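A short write-up of the structure that comes next.
What follows is calculated from the coordinates using simple rules that are stated; it is not laboratory data. Source: prediction; values computed, not measured. Cβ atoms come from the backbone with ideal geometry, glycine included; neighbour counts cover every protein chain shown.
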Amino acid sequence: MTHNELKKWRSDHNYSQSQLAKALGIHVMTVSQWERNIRSIPSFLHLALRCLELEGGESTKGKKEN
């Protein structure tokens, strides 16, 4: 995934950098650095983003199992 693809994904899914960082459990500056091509994007990030898509963007932390 490239920094431009990440920006597009975030825009297409209506996430701010802060919202995406919170959903991934990382610092907002990490998302910013990925998007500005300062920090390398992990090769598995596309999997985490797909998981967010499937969950509807909601964090599973604190949710009770049925």
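Considering only Ser32, Leu6, Ser18, the residue lying farthest towards the positive end of the dipole of the range 3-55 is Ser32, judged by Cα position with unit charges set on Cβ. Report the gain in length on full extension from Ser40 to Ser18: 0.36 nm times residue separation, minus Cα-Cα distance, nm rounded to one decimal. Extra length from Ser40 to Ser18 when fully extended: 6.1 nm.
Each of Met29 and His3 was given a label point 7 Å from its Cα along the Cα-to-Cβ line. The distance between the two points is 1.6 nm.
For the range 3-55, what is the per residue volume of the convex hull drawn over the alpha-carbon atoms, in cubic angstrom? Display every interim value, and only then the final one.
Values: hull volume 3.7 nm³, N = 53.
Convex hull of Cα atoms, per residue: 69 Å³.
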